[in-house]
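The values are calculated or read from the model by the stated rules, or taken from the named source; none is laboratory data. Since the structure is predicted, the reported quantities are computational estimates derived from the model, not experimental observations. Note that each Cβ is placed from the backbone with ideal geometry, even for glycine, and that neighbours are counted across all protein chains shown.
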């Protein structure tokens with residue numbers, strides 16, 4: 001499946017859950033999906049298409065939090081970036097750890113650095129700080145200018 | 001009487017965000033569970049990079065890990081060139097590939113030495129590190145420093161390889177090849193090493209897929225993943241080489257993969273030097289004026305697996321967000337599978353097999369009694385335990401203490 | 001001859017502590033042991049417990065989490081003790097001094113006797129640093 005086929009396929013499969021899909025460069029795809037569809041999309045990519053989960057990037061873009069999940073298809077070199085937007089008022093998103101263990105550490109890390117809660121995560125302890133720094137403050141959040 | 005023991009292994013481990021304290025829960029001598037705590041080496045590099053210009057970021061990412069100090073700039077350069085849509089000149093591609101492959105050779109030799117040290121073969125340790133020195137000399141000839149090479153920039157490389165250095169590179173590689181062969185034979189034909197490493201720390205194909213592990217760890221378990229081939233970059237599509245895959249998934253298979261990769265790397269460098277020789281010295285970089293708004297992902301195959309950099313830019317001269325994932329971030333998590341059910345002396349080796357940089361086991365490993373919390377064994381003691389076991393095996397095998 | 005120079009007259013045992021380092025200095029310290037540099041011929045030995053050490057080698061910047069560990073290690077060590085800060089990060093914090101977890105260079109936490117600059121210092125530089133100190137004391 002080449003990159004354009006993959007985008008069309010995702011649009012067909014998840015219809016209104018896919019908000020926008022960009023083809024970036026030769027084999028990079030950026031897909032904005034709804035927050036609630038995350039588990040469905042991730043299960044499909046991991047279980048059906050056998051994509052490999054690389055990592056997730058958490059970002060505070062001032063208006064909202066966004067998490068980009070990076071999946072790799074090692075047969076074609078396709079890199080699928082699945083982006084969800086999370087409102088600041090209620091920073092919660094479904095955890096992917098029950099689906100694959102590889103998401104465990106990065107979810108704990110994002111929880112610690114950005115303060116996003118992952119629902120159904122089996123073990124939401126802090127990963128990096130222990131009790132030494134950063135209790136209650138999130139270093140990767142952008143300062144609010146108002 | 002049964003006594004449950006907690007063995008902390010750690011806490012120092014010198015990769016980016018993953019220096020960790022492993023707690024091995026043991027029942028007698030068998031490891032039953034493992035738990036970890038990280039953050040002893042958290043330096044906030046991703047945050048630091050947000051206040052640096054793109055040119056400066058190269059020097060920071062180079063210092064994420066001293067052993068992979070090419071792979072991180074390589075992945076970052078790939079990401080930035082994707083955003084800026086830059087075509088790198090061929091000559092720069094070959095130079096980049098040479099540096100990356102030299103790094104793979106020195107890193108694999110380093111691992112072989114440390115693995116030898118952990119099972120009590122200090123001769124292997126000394127040999128492997130001795131044969132690693134010429135590679136570091138080569139780095140000094142090409143880049144001016146033994147580690148942290150500062151070769152990369154957006155759009156190319158900082159320095160050219162001098163024409164009179166080609167023969168030096170080939171000569172040193174010719175010297176390394178027979179030594180690596182000798183070392184490989186010594187390790188692969190040794191019956192004691194067979195007994196210590198075969199069937200130890202097995203990771204099945206399914207484990208690798210669950211943990212999304214990469215690099216030699218995955219390739220030793222039959223998962224055929226190598227970013228150099230799957231998502232080609234630099235000069236890898238322009239030269240002939242093959243991906244080494246074995247099926248067993250134990251420590252021995254990982255050693256075999258790393259040894260064979262050394263020879264592949266030597267072959268890649270020789271081909272690149274040949275290509276450089278044919279072309280007259282030319283352009284080694286293109287000028288990149290400004291970086292547009294956008295996001296880009298860069299991947300590179302480090303000695304330990306896939307390095308992944310994701311950069312978000314906004315048109316200014318520093319990144320808005322720079323996410324870095326080192327290969328050990330996913331590989332280290334497989335300890336939960338490879339250590340459980342092993343004896344303590346084998347657990348050290350299973351930890352080392354992933355190549356998480358040696359320091360973790362070398363320095364601050366202590367065994368605590370779970371009731372009295374008193375230290376029973378320290379790091380050296382753990383290694384001694386492992387070394388004693390090799391001695392016993394040798395005695396049983398050869399009938400005398402060799 | 002003072003007590004300090006008396007203590008450091010013969011074979012020194014080294015203990016190596018890496019803070020939040022990038023591993024380069026650690027590898028170079030280990031390089032000193034291997035055949036090309038071979039400090040073991042001077043009776044120097046890298047050991048696993050600081051309780052037997054004469055020299056504490058500290059490499060890398062110190063973050064908030066490993067600061068308490070460094071203090072613990074320092075208090076466990078027998079005195080007199082030579083503390084050596086290796087590399088730019090050990091001396092000033094290097095590129096990591098701006099990090100949000102940085103807890104200060106080594107000499108703000110424990111007294112340091114020898115500074116060996118470089119990123120990373122070559123094995124020769126590490127040897128020369130310690131030898132210079134011994135000749136002075």
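Can you name the number of the only condition in (1) crowded, with 24+ Cβ neighbours inside 10 Å; (2) within 14 Å of another protein chain (Cβ to nearest Cβ); (3) at negative phi that residue B:255 fails?
(2) is the only condition that residue B:255 fails.
Please indicate, with yes or no, whether at least one residue in region B:114-125 is at pLDDT 90 or above, buried (at least 23 other Cβ atoms within 10 Å of the Cβ), in the same structural domain as residue B:278 (by TED's automatic domain parsing) and assigned to a helix (DSSP H, G or I).
no
Taking region A:64-90 as the search range and keeping residues that are in contact (Cβ under 8 Å) with a residue 24 or more places away in the chain, more than 10 Å from every other protein chain (Cβ to nearest Cβ) and surrounded by fewer than 18 Cβ atoms within 10 Å (Cβ to Cβ), which one is farthest from residue A:119 (Cα to Cα)?
Looking at residues that are in contact (Cβ under 8 Å) with a residue 24 or more places away in the chain, more than 10 Å from every other protein chain (Cβ to nearest Cβ) and surrounded by fewer than 18 Cβ atoms within 10 Å (Cβ to Cβ), I get A:64.
Of all residues in region A:91-126, count the ones that are surrounded by 19 or more Cβ atoms within 10 Å (Cβ to Cβ), in a loop (DSSP other than H, G, I, E, B), within 14 Å of another protein chain (Cβ to nearest Cβ) and in contact with a strand residue (DSSP E or B) (Cβ under 8 Å, 6 or more places away or on another chain).
Counting residues in region A:91-126 that are surrounded by 19 or more Cβ atoms within 10 Å (Cβ to Cβ), in a loop (DSSP other than H, G, I, E, B), within 14 Å of another protein chain (Cβ to nearest Cβ) and in contact with a strand residue (DSSP E or B) (Cβ under 8 Å, 6 or more places away or on another chain) gives 3.
Go through region B:211-246 residue by residue and tally those that are within 13 Å of chain A (Cβ to nearest Cβ) and either in a loop (DSSP other than H, G, I, E, B) or free of Cβ contacts under 8 Å to residues at least 60 places away in the same chain (or both).
Adding up the residues that qualify gives 16.
If residue C:49 satisfies all but one of (1) in contact with a strand residue (DSSP E or B) (Cβ under 8 Å, 6 or more places away or on another chain); (2) surrounded by fewer than 21 Cβ atoms within 10 Å (Cβ to Cβ); (3) closer than 23 Å to residue C:118 by Cβ, what's the number of the condition it fails?
Checking residue C:49 against (1) in contact with a strand residue (DSSP E or B) (Cβ under 8 Å, 6 or more places away or on another chain); (2) surrounded by fewer than 21 Cβ atoms within 10 Å (Cβ to Cβ); (3) closer than 23 Å to residue C:118 by Cβ, the one that fails is (3).
In region C:42-56, how many are assigned to a loop (DSSP other than H, G, I, E, B) and modelled with pLDDT of 80 or more?
4
Checking residue B:27 against (1) touching a helix residue (DSSP H, G or I) at 6+ places or on another chain (Cβ under 7 Å); (2) away from chain C (no Cβ under 14 Å): exactly one of these is not met. Which one?
The one condition residue B:27 does not meet is (1).
Just checking, does region C:13-31 include any residue being at pLDDT 85 or above, surrounded by 18 or more Cβ atoms within 10 Å (Cβ to Cβ), touching a helix residue (DSSP H, G or I) at 6+ places or on another chain (Cβ under 9 Å) and assigned to a loop (DSSP other than H, G, I, E, B)?
No, there is no match, as no residue in region C:13-31 is at pLDDT 85 or above, surrounded by 18 or more Cβ atoms within 10 Å (Cβ to Cβ), touching a helix residue (DSSP H, G or I) at 6+ places or on another chain (Cβ under 9 Å) and assigned to a loop (DSSP other than H, G, I, E, B).
Report yes if some residue within region C:31-38 is within 20 Å of residue B:66 (Cα to Cα), within 11 Å of another protein chain (Cβ to nearest Cβ) and under 11 Å from the mean Cα position of the chain (by Cα); otherwise report no.
Checking region C:31-38: not a single residue is within 20 Å of residue B:66 (Cα to Cα), within 11 Å of another protein chain (Cβ to nearest Cβ) and under 11 Å from the mean Cα position of the chain (by Cα).
Could you please give the count of residues in region B:40-76 that are part of a helix (DSSP H, G or I) and either within 14 Å of chain C (Cβ to nearest Cβ) or under 19 Å from the mean Cα position of the chain (by Cα) (or both)?
19
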